Structures are given as structure tokens and as C-alpha cells.
1. Collect the residues in region 84-97 that are within 14 Å of Val233 (Cα to Cα) and either of a type in the set (A, V, I, L, M, F, W, C) or buried (at least 20 other Cβ atoms within 10 Å of the Cβ) (or both), keeping them in residue-number order.
2. Count, please, the residues in region 78-110 that happen to be modelled with pLDDT of 90 or more and either aliphatic (A, V, I, L, M) or within 27 Å of Met40 (Cβ to Cβ) (or both).
3. Looking at region 46-69, I want the residues that are farther than 29 Å from Val206 by Cβ and have a partner that is among the hydrophobic types (A, V, I, L, M, F, W, C) with Cβ atoms under 8 Å, at least 6 apart or on another chain. Which pairs are those?
4. Name the pairs whose Cβ atoms lie under 8 Å apart, with the first residue in region 16-37 and within 13 Å of Ala218 (Cβ to Cβ) and of a type in the set (A, V, I, L, M, F, W, C), the second modelled with pLDDT under 95 and exposed (fewer than 12 other Cβ atoms within 10 Å of the Cβ), and 6 or more positions between them or separate chains?
5. When you check Ala262 against the structure, is it of a type in the set (Gly, Ala, Ser) and surrounded by 19 or more Cβ atoms within 10 Å (Cβ to Cβ), yes or no?
6. Could you tell me whether region 56-76 includes any residue that is outside any helix (DSSP H, G or I), at pLDDT 95 or above and either closer than 25 Å to Val263 by Cβ or more than 21 Å from the chain's Cα centre (by Cα) (or both)?
7. With region 250-327 as the region, which helices (runs of 4 or more DSSP H) entirely inside it contain at least 3 residues that are over 22 Å from Ala24 (Cα atoms) and at pLDDT 90 or above?
Amino acid sequence: MDSVGLQALTSPVVLFFVLGLLAALAKSDLEIPEAFAKAMSLYLMAAIGLKGGIEVAESGLDATVLAALAAGITAGFIMPLYAFWLLKGFGKLDRINAGAVAAHYGSISVVTFVTAVEIFEIQGNPPQGYMVAVMATMESPAILAGLLLARGGGSGGGQSTKELLHEVLFNASVVLLLGAFAIGWIAGPSGFADVEPFFGAMFKGVLCLFLLDMGLIAARRMMDSRSLTWRLVAIAIGLPLVNGAIGTALGVVIGLDTGSAAVLGVLCASASYIAVPAAMRLALPEADPGIYLTMSLSITFPFNVLINIGLIGAFAAMLTGGGAAVP
């Protein structure tokens, strides 16, 4: 590991996450109030969206941006298909739970995205701002694909089509990310200057506290879990490796720079633990949250933050000849 890779792994963002993991494993009473954690989540999504919109306002839309959006939407729909097959066959899950878990692994984790951006910036390969829009468009296709797969066995769930579509298309993360992206695009750099002290200067500090909370939650849920088998743990680690490699290679093929291709890989490797669980509670109430939440939050999320982001960055650098550090 060279000095740049070591600097990324020892950044406060990653170390606060490790602190949360260790505190929970030590059974400390350290806790972030739920209302404050939700406020931090809203802040991070608004800040991410604004920054992405501002960068697009400066650079403009072109064929590469449209190709990245198309790649994200396509990946969000296709990844649940082979994840479902793997979860049913190797993972031994029933159709309902396999569909619910598959939706999580086709969708994205906003916090994994933010952490990856911070690490790739340290490595000298910052992604383009339009990747925020790519991230926001990947959630809904994954949810729809997961539900179609789960309902192939005849389960109708407990909600109307109208309720489901509303949850898929207008869930909080999609609305806030795309809304803030549009605001940043319209306002541009000059408009952002007035709110930069709040959305810019404070961003990394808030992210550190949020990852501290994520570390606490991930470790505590893992310790309390009784639903996971070794097969599901293997899938929760194997899928991010495969999806990350596919997403990164796809990004390179469509002409993305090193940082953006790596971020597309990270988006494909991540698993949702906010938007998709909310949709599954509404659409598939019979699915077991102890399976899909523990896999996405307690296994995949820590694996991505601590190991896989570095692997994806190195793979993107290898494919493009970029300068990211090899972990």
C-alpha cells in the first residue's frame, strides 16, 4: 500500500466508521439520537445534490453524461435479476425474500457513494458531478425489478399499485437528491456561494458523525442477527465484488474518467439500507427485514467502506491508466 492509499484508509471519514464498529462491539452505550441522525442524512443528500448540480452547470450535458445515466438505469434493473437467481439457488431463500434482497443489491447506498467520493478525491481522481444524478436514477429500477421477481410466485403484497409507484418514484432520497441537483444546476456556482459555509465547509464533519452512527448500527445489528447463514454472508461479500468490477468496466467502456468509472463501480457494488427497505415494508411486508437489512447494512456496507472501495479504485486506475492508489 503506498502513501496515498494509506492516507485514504486513515482519513477521519473511514476512522469514524471504524470507531463506531469498535464501540458497538465493545458494547459501549455510545449512541447518536435518531432525530439527529435523520437530520444528518437529509443534510448529506441535499449537499451531495447541490454539488452535483453545480458541477453540471459548469460543465454542461453531453453524450457521456447521457451514457452514464443510461448505464446506471440499466444496471439498476439488470443486477437484481442475477442476484435473485443466486439468492434462490445458492442462498436457499424463498422467492419473496430473494426478490426483496435482490432489490437491495440492485439499488445504491448514498453513504457508500459519499465515502467513495471522499476517498477518490484524496487519491487524486475526483468523479464528475453528474454521477449524483446517476446515483439517484438507480434506485427505482432496482425496486421495480425486485418486486417483479418476488411476485412471480403470485404474491400480491399488501398495497395498491398507486401506493407502490408513489413510494418508488417519490421516496425521500430520490426527491431530495434530484431536487437539490436541480437547484444546484439552476443556481450555479454564484448562487451556491451564499450557502457554501453550510453545505460546503461543514460537509466532511457531518459525514464523520454520520459514519460513526452507521458503524454503531451495523455492528449492533450484526451481533443481534439470527437470520444469516454462511451462504448469505458469502453472497453479501461476493455480489459487491462482482457488481463493482462490472460497473467499473462498464464505466470505462462508455468513456468515463477514472474517478467516475470507479464511482459507477461503487454504486453497482453498494446495497440500499434506507430507500429500498422502506419500499419493501410497503410492497412485501412478508419479507424478512432480518435478512435484507442485515446483509446490506451489517455485511456489505462495512465491506465496501473498508475494503471494496479501495479495490474498485485500483481496478478503475488499472483499466484507464489513471493515478489512483493501489490498496
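1. Hits for region 84-97 are Leu86, Leu87, Phe90, Gly91, Leu93.
2. Total meeting the criteria: 19.
3. Thr64/Ile254; Thr64/Leu256; Ala67/Ile254
4. Taking only residues 6 or more apart or on different chains, the pairs are Ala24/Met223; Leu25/Met223.
5. In short, yes.
6. No - not one qualifying residue is present in region 56-76.
7. Correct list: 258-269, 309-320.
Here's the yes/no breakdown for (1) in contact (Cβ under 8 Å) with a residue 40 or more places away in the chain; (2) closer than 21 Å to Ala271 by Cα:
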| site | (1), (2) |
| --- | --- |
| Leu169 | no, yes |
| Ala182 | yes, no |
| Trp185 | yes, no |
| Gly188 | yes, no |
| Glu196 | no, no |
| Leu216 | yes, yes |
| Val233 | yes, yes |
| Ala245 | yes, yes |
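The values are calculated or read from the model by the stated rules, or taken from the named source; none is laboratory data. This one's a predicted model, so the numbers in the text were calculated from it and none came from an experiment. Glycine also receives a Cβ, built like all others from the backbone with ideal geometry; neighbour counts cover every protein chain displayed.
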